[in-house]
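Chemist: Below is a structure I'd like to ask you about.
Any read-out appearing in this document is the output of simple, stated calculations on the displayed coordinates, not a laboratory observation. These numbers come from a predicted model, not from an experiment. Quick reminder, even Gly has a Cβ in these numbers, built from the backbone with ideal geometry, and neighbours come from all protein chains shown.
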Amino acid sequence: MTSIATATSPSESAAARRVLVVGAAGRFAGLVPQALRDKGVTVRGLVRDAQRAPHALANGVDEVAVADLRSPETLVAALDGVDGVFYIGPAFAPDESQLGINMVAAARRAGVRRFVFSSVIQPTDVTLANHASKIPVEQALFDSGLQFTVLQPANFHQNLLGGWARVVAEGSFAEPYPVDVPVARVDYRDVAEVAAMALTTDRLAHGCFELAGEAGLTRTQIAAMMSEALGRNIVPGEIDFERWRARLPLDYTAAQWELLRKIHEHYAAHRLRANTLVLQAILGRPPRSMQAFVRELATSTRAAA
């Protein structure tokens, strides 16, 4: 591990120069370090297990701290010298709200100035436990006195990665809800870019922003994009949840899987629509599209063949 340096205490409007990225070894927060480094920020990745440190380093962090959100005392060293925090909670954790509250409180005690929370689209939809669990964390930020930015992203493009090999092998894109249900999507690289902006400028200070790059795509539409990108027909399909979960390389508990099941049931019953205007306005360009993302996957597949 690299030694932990101590930063000075600049004014609130100064850009964060050293940022702690919670979950930097992961699939989503792992996209944030490079966006920060592109802005000249030193990035410290927080991991719970030292064995995950190489993954964080591979994602572009400059240094690694090991700490546990369930043991707030371990966060003291991780936050030493840090003037910004990027936080995304562990997916479907039963104590997700408390973990986020712990992180906000630790950041406040450490004198952190900027805090970006990657929340979720429509967190006030309390019919979904994993959405409602974000509300207490957002409230903790509002009450904290920190310069906060809350990001509320839609379903991530990167969620397709786990099933892409099967799409290529079987010629079918199947998920556990009807093929004609539109779901709002966003490329998490765009979310990372917005997070880096919030941590290095005041433009997004004290704001809550719904982030969607696609207002609502059906699986039929995405399968057509896959067909175009791969040059062969990909059939949209619907699959039983239990069969679908057996295909995914996710080490979830039964309770976590149940939360994920409820999300897909919610999609089937209510759809998930969003508006892309906010993300486009922040970026100053069109958001990354699903079509472009699928073409990237197809290009990588051909290169690996």
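Chemist: Using 0.36 nm per residue, how much length does the chain from Ala129 to Glu73 gain when fully extended, once their Cα-Cα distance is taken away?
Modeler: Details: separation 56, 0.36 × 56 = 20.16 nm, distance 2.76 nm.
Length gained, Ala129 through Glu73: 17.4 nm.
Chemist: Using amide H atoms built 1.01 Å from N in the peptide plane, name the residues 5+ places from Arg17, or on other chains, whose amide H lies under 5 Å from its own.
Modeler: Amide H neighbours of Arg17, under 5 Å, 5+ apart: Asp83.
Chemist: Could you tally the net charge around Val61, taking each other residue with its Cβ under 14 Å from the Cβ of Val61, Lys/Arg +1 and Asp/Glu -1? Can you show the working numbers first?
Modeler: Working: positive: Arg18, Arg37, Arg44, Arg52; negative: Asp38, Asp62, Glu63.
Charge balance near Val61 sits at +1.
Chemist: Treat each spin label as a single point 7 Å out from the Cα along the C-beta direction, and report the Ala269 to Arg109 distance in nm.
Modeler: Output for this residue pair reads 4.0 nm.
Chemist: Oh, and also: To the nearest 0.05, how large is the calculated FRET efficiency for Glu228 and Leu248 if R₀ is 22 Å and r is the Cβ-Cβ distance? List each step's numbers first, then the result.
Modeler: On the way: r = 25 Å, r/R0 = 1.15.
That gives a FRET efficiency of 0.30.
Chemist: While we're on this one: Once both labels are modelled 7 Å past Cα along the beta-carbon direction, what's the Gln51-Leu161 spacing in nm?
Modeler: 2.0 nm
Chemist: Moving to a separate point now. At a threshold of 8 angstrom on Cα-Cα distance, excluding pairs fewer than six apart, so keeping six or more, what relative contact order does segment 76-209 reach in percent?
Modeler: Values: 171 pairs, mean separation 33.8, N = 134.
Value for segment 76-209: 25 percent.
Chemist: Quick check on packing: order 242-253, 31-42, 125-136 by the mean number of other C-beta atoms within 10 Å, highest mean leading.
Modeler: Values: 242-253: 11.5, 31-42: 20.0, 125-136: 16.8.
Ranking, from highest mean packing down: 31-42, 125-136, 242-253.
Chemist: A follow-up question, please. So what's the convex hull volume per residue for the Cα atoms of segment 36-137, in Å³? Intermediate values should be presented prior to the final figure.
Modeler: Working: hull volume 11.1 nm³, N = 102.
It comes to 109 Å³ per residue, whole-number rounded.
Chemist: When mean projected area of the Cα convex hull in nm² is calculated directly from the model, which label among (1) 20.4; (2) 15.1; (3) 17.0 fits?
Modeler: Among (1) 20.4; (2) 15.1; (3) 17.0, the one calculated here is (2).
Chemist: Spelling out what I want: for every residue of segment 273-284, take phi, set θ = phi - 60°, compute 6.51 cos²θ - 1.76 cosθ + 1.60 (Karplus), and round to whole Hz; glycine and proline get x.
Modeler: Along segment 273-284, the couplings run 9, 8, 10, 8, 4, 4, 4, 5, 5, 5, 6, x Hz.
Chemist: Over segment 164-300, what number does the Rg to Rh ratio reach, with both radii from the alpha-carbon atoms and Rh per Kirkwood? Intermediate values should be presented prior to the final figure.
Modeler: On the way: Rg = 16.6 Å, Rh = 16.6 Å.
Taking Rh as the inverse mean 1/r over Cα pairs, Rg/Rh reads 1.00.
Chemist: Express in nm, to one decimal, how much length is gained between Val235 and Leu277 on full extension, taking 0.36 nm for each residue of separation and deducting their alpha carbon distance. Spell out each step's value before the answer.
Modeler: Numbers: separation 42, 0.36 × 42 = 15.12 nm, distance 3.07 nm.
In short, 12.0 nm is gained.
Chemist: Please say if segment 228-305 is rounded, prolate or oblate, where rounded means a/c under 1.5 for a ≥ b ≥ c the square roots of the C-alpha gyration tensor eigenvalues, and otherwise the choice is prolate for a/b larger than b/c and oblate otherwise? Working shown, then result.
Modeler: Details: a/c = 1.97, a/b = 1.19, b/c = 1.65.
It is oblate, given that a/c is not under 1.5 and a/b is not larger than b/c.
Chemist: I need to check one value: relative contact order of the chain, counting alpha carbon pairs closer than 8 Å and at least 6 residues apart, in percent. Could you put the intermediate results ahead of the total?
Modeler: Values: 594 pairs, mean separation 51.9, N = 305.
17 percent.
Chemist: Positive end of the charge dipole of the chain (Lys, Arg +1 and Asp, Glu -1 on Cβ, about the Cα centre): tell me which of Val278, Phe293, Asn159 has its Cα farthest that way.
Modeler: Positive-end residue among those listed: Phe293.
Chemist: Can you give the % of DSSP beta bridges in the chain that are antiparallel, to the nearest 5? Before the final figure, lay out each step's value.
Modeler: Details: 2 of 35 bridges.
Around 5 percent of the beta bridges assigned by DSSP in the chain are antiparallel ones.
Chemist: Tell me which of Phe173, Phe148, Ile101 sits at the most positive position along the dipole axis of segment 52-190, charges placed on C-beta atoms (Lys, Arg +1; Asp, Glu -1).
Modeler: The residue sitting most towards the positive pole is Phe148.
Chemist: Same structure again: How much mean residue ellipticity at 222 nm does the chain get from its helices, if each DSSP H run of length 4 or more adds -39500 (n - 2.57) and you divide by all residues, to the nearest 500 deg cm²/dmol? If you can, show how the numbers build up before the last one.
Modeler: Details: 13 runs with 124 residues, N = 305.
Helices in the chain give a 222 nm mean residue ellipticity of -11500 deg cm²/dmol.
Chemist: Any idea how far apart Ala292 and Ser144 come out in nm if each label point goes 7 Å out from Cα toward Cβ?
Modeler: Spacing of the two 7 Å Cα→Cβ label points: 3.0 nm.
Chemist: Under a point-charge model restricted to the Cβ atoms of Lys and Arg (+1) and Asp and Glu (-1), what is the dipole moment magnitude of the chain relative to its Cα centre, in debye to the nearest 20? Intermediate values should be presented prior to the final figure.
Modeler: Working: 31 positive and 31 negative charges, 105 e Å.
Dipole magnitude for the chain comes out near 500 debye.
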